[in-house]
Amino acid sequence: MSAIVGIDLGTTNSCVAVLEGTEATVIHNELGGRTTPSVVAFKEDGGILVGAAAKRQAVTNPRDTLFAVKRLIGRKFDSPATAELRRTMPYEIIRANNGDAWVRVGDRDMSPPEVSAHVLGHLKRIAEEYLGKEVTQAIVTVPAYFDDAQRQATKDAGRIAGLEIRAILNEPTAAALAYGVHRTPTGSVIAVFDLGGGTFDISILRIEDGVFSVMATSGDSFLGGDDFDRMVIDALVHEFQEEHGVDLGEDPVALQRLKEASERAKQELSSSLDTEVHLPFVAVGPQGPLHLVRKLTRDWLEQLTRPLLERLEGPCRRAIGDAKLNAAEIDQVVLVGGMTRMPAVVEKTFNIFGKRPVKGVNPDEIVAIGAATQSAIMRGGLKEVVLLDVTSHSLGIRVEGNRFSALIHRNTHIPVRETKIFATTENDQEFVSVEVFQGDTPLVSGSRLLGQFLLGDLPRGPAGSVQVQVSFTLDVDGILCVDAKEIRTGKVTSKRILASSGLSRDTVEELSRAYAGR
Ligand code: ADP
Ligand code: MG
């Protein structure tokens, strides 16, 4: 039987694990590391570096080194998140023909899935080296709060890298599985709090007799360690400007050095109360070379990043509320993601949940271990374990008056199929436009358009007399398929939702061949 590997494709770091017997093990990369930086670099000679090698040369090649591309996956160029990334990333972000956010390196335009495929392909090779055979199947994790477009794009990345994605698993669910499968605290409720480099997820699960049932999930798909780094960078750039009149933000090399130094300082402040940023020759002023030397304290960092720390609270409260619990009913809090090493983050979880988080979980590896564990369930090797996940967003369509009419409510167990009947609103209406939205607001203006399509050639009749049945099918991977049927004639239009974004099937196949023939 060929292996199914479990892959945590993180914003900052990725990790691959495989099942050996009944235990999932993390596979070491070529340098002996247990995680691999999610960084891809394009060299002038046409070579491509991935992982630690790519990260190492970032300072000398900032414009062609792509990191944190997961923050762009499935996003529109015109979104506020993309605008923020364009302001802060040293590489170029462009608008693709379909409006998606892509990257440009030299004269090459690439979609985020193409870039992520390099990371997945690298992990695939690491696993192949270790196992001594080809690996063609994987379970890949995504943030629970990822939407349809982001999940679809992640699947495309796998396909391009030559991996059949057997399942898309939510990261906190994977972590809960890895945590609970052997400890089996039956009848208990756990909260998984996952703060990584780019995203924040909170999921609440009940574990009972081997059934892992997600009760509620929430999060912020644009909140993570990178944002903490950014606040440090901005503060240091601002101070330097005040002091020397030089804007370090204009120099990609200085900015990249500052980024690395800021992240290192942030990490050091998790174990020390103070540290120093020391960047000699960071710029040249009228009087010659300038150096950046600055002492930083943990207090300073906590004050500075208070607004980000505050943003962790809302999603947690919402998830607790959606699970119809109060915080005291949560038995254990499991921390996942590198950012949960920051003492102020731990403190925040304590304030919210009123208890200390459990120890003994490796926050960098548990998600990949969970993904590999899921492969055992799929293979029938863990018969007593069942996973029931939920959708993190409400899904529906636009109806008269720009109102949002939900078909599937957030925190519904998946897979699920829901159907609703709508009537025409005009006499002799020729077609209906089915506009699919995700959101939780009464009006579509506060929701996100996932795609739209037309159902035409409707039979004539007065307003309200022609009825259209709309069905939403959400699969276990959280990917949506919509169909609409005119009831009298039975005419059907159906759609996998990628009308407004993403790569076509043909493009994915083409990129996959190109990747294989590299
Ligand atoms: P992802 O899953 O998004 O790839 P990780 O879980 O690997 O992310 O977390 C990466 C983030 O955690 C980065 O922003 C990194 O700087 C941060 N991080 C790692 N170690 C520490 C630490 N000791 N203190 C504070 N932040 C840390
Ligand atoms: Mg992660």
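Residue by residue through the stretch 346-356, note down the ones that are in contact with a helix residue (DSSP H, G or I) (Cβ under 6 Å, 6 or more places away or on another chain) and surrounded by 13 or more Cβ atoms within 10 Å (Cβ to Cβ).
Correct list: 348, 352, 353.
Looking only at the stretch 251-290, count every residue that is within 14 Å of ligand 1 (Cβ to nearest atom) and at positive phi and tell me the total.
0
Just to be sure, is residue 287 within 28 Å of the chain's Cα centre (by Cα) and either open to solvent by 60 Å² or more (accessible area, probe 1.4 Å) or free of Cβ contacts under 8 Å to residues at least 60 places away in the same chain (or both)?
In short, no.
If you take the residues of the stretch 329-355 that are assigned to a loop (DSSP other than H, G, I, E, B) and more than 20 Å from the chain's Cα centre (by Cα), which of them is nearest to ligand 1 (Cβ to nearest atom)?
Among them, the one singled out is 342.
Taking the stretch 236-257 on its own, how many of its residues are among the hydrophobic types (A, V, I, L, M, F, W, C) and either in contact with a Gly (Cβ under 7 Å, 6 or more places away or on another chain) or open to solvent by 20 Å² or more (accessible area, probe 1.4 Å) (or both)?
Selection size over the stretch 236-257: 4.
So, in the stretch 157-176, exactly how many residues are under 14 Å from the mean Cα position of the chain (by Cα) and closer than 16 Å to residue 337 by Cβ?
Selection size over the stretch 157-176: 6.
So residue 293 passes all but one of these: (1) within 16 Å of ligand 1 (Cβ to nearest atom); (2) free of Cβ contacts under 8 Å to residues at least 24 places away in the same chain. Which condition number does it fail?
(1)
Out of all the residues in the stretch 188-209, which are modelled with pLDDT of 95 or more, of a type in the set (Asp, Glu) and either farther than 13 Å from residue 312 by Cα or more than 8 Å from ligand 1 (Cβ to nearest atom) (or both)?
201
Tell me which residues, restricted to the stretch 325-348, are touching a residue at least 40 places away in the same chain (Cβ under 8 Å) and away from ligand 2 (no atom under 16 Å from the Cβ).
325, 329, 330, 331, 332, 333, 343, 344 - these are the residues of the stretch 325-348 that are touching a residue at least 40 places away in the same chain (Cβ under 8 Å) and away from ligand 2 (no atom under 16 Å from the Cβ).
Does any residue of the stretch 369-391 turn out to be in contact (Cβ under 8 Å) with a residue 40 or more places away in the chain, within 16 Å of ligand 1 (Cβ to nearest atom) and open to solvent by 20 Å² or more (accessible area, probe 1.4 Å)?
Checked against the condition, which is being in contact (Cβ under 8 Å) with a residue 40 or more places away in the chain, within 16 Å of ligand 1 (Cβ to nearest atom) and open to solvent by 20 Å² or more (accessible area, probe 1.4 Å), the stretch 369-391 yields at least one hit.
Report whether or not residue 70 is without any contact (Cβ under 8 Å) to a residue 24 or more places away in the chain and assigned to a helix (DSSP H, G or I).
In short, no.
Residues that are under 24 Å from residue 224 (Cβ atoms) and among the small types (Gly, Ala, Ser): does the stretch 101-109 have at least one?
Among the residues of the stretch 101-109, at least one is under 24 Å from residue 224 (Cβ atoms) and among the small types (Gly, Ala, Ser), which makes the answer yes.
Every residue, every condition in (1) closer than 26 Å to residue 336 by Cβ; (2) open to solvent by 20 Å² or more (accessible area, probe 1.4 Å), yes or no:
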{"position": "35", "(1), (2)": "yes, yes"}
{"position": "40", "(1), (2)": "yes, no"}
{"position": "71", "(1), (2)": "yes, no"}
{"position": "80", "(1), (2)": "no, yes"}
{"position": "86", "(1), (2)": "no, yes"}
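From (1) touching a residue at least 24 places away in the same chain (Cβ under 8 Å); (2) more than 22 Å from residue 412 (Cβ to Cβ); (3) more than 16 Å from ligand 2 (Cβ to nearest atom), pick out the condition that doesn't hold for residue 195.
All conditions are met except number (3).
If you go through the stretch 242-250 one residue at a time, do you hit one that is within 16 Å of ligand 1 (Cβ to nearest atom) and of a type in the set (D, E, K, R)?
No: the stretch 242-250 contains no residue that is within 16 Å of ligand 1 (Cβ to nearest atom) and of a type in the set (D, E, K, R).
Which of the residues belonging to the stretch 489-507 are at pLDDT 90 or above and either part of a loop (DSSP other than H, G, I, E, B) or surrounded by 21 or more Cβ atoms within 10 Å (Cβ to Cβ) (or both)?
The answer is 503, and nothing else.
Looking at the stretch 258-269, which of the residues that are in a helix (DSSP H, G or I) and open to solvent by less than 60 Å² (accessible area, probe 1.4 Å) is farthest from residue 342 (Cα to Cα)?
Only one residue tops the list, namely 258.
Which residues, taken from the stretch 1-21, are in contact with a helix residue (DSSP H, G or I) (Cβ under 7 Å, 6 or more places away or on another chain), open to solvent by 20 Å² or more (accessible area, probe 1.4 Å) and more than 16 Å from ligand 1 (Cβ to nearest atom)?
If the condition is that a residue be in contact with a helix residue (DSSP H, G or I) (Cβ under 7 Å, 6 or more places away or on another chain), open to solvent by 20 Å² or more (accessible area, probe 1.4 Å) and more than 16 Å from ligand 1 (Cβ to nearest atom), then 19 is the only one that fits.
Taking only the stretch 360-407 into account, find how many residues are in a loop (DSSP other than H, G, I, E, B) and within 24 Å of residue 215 (Cβ to Cβ).
11
The values are calculated or read from the model by the stated rules, or taken from the named source; none is laboratory data. Computed from a predicted structure; not experimentally measured. Here the Cβ is made from the backbone with ideal geometry for all residues, glycine too, and neighbour counts use every protein chain on show. The accessibility values were calculated without ligands, DNA or RNA, using every heavy atom of the protein model including side chains. Shrake-Rupley method; radii C 1.70, N 1.55, O 1.52, S 1.80 Å.
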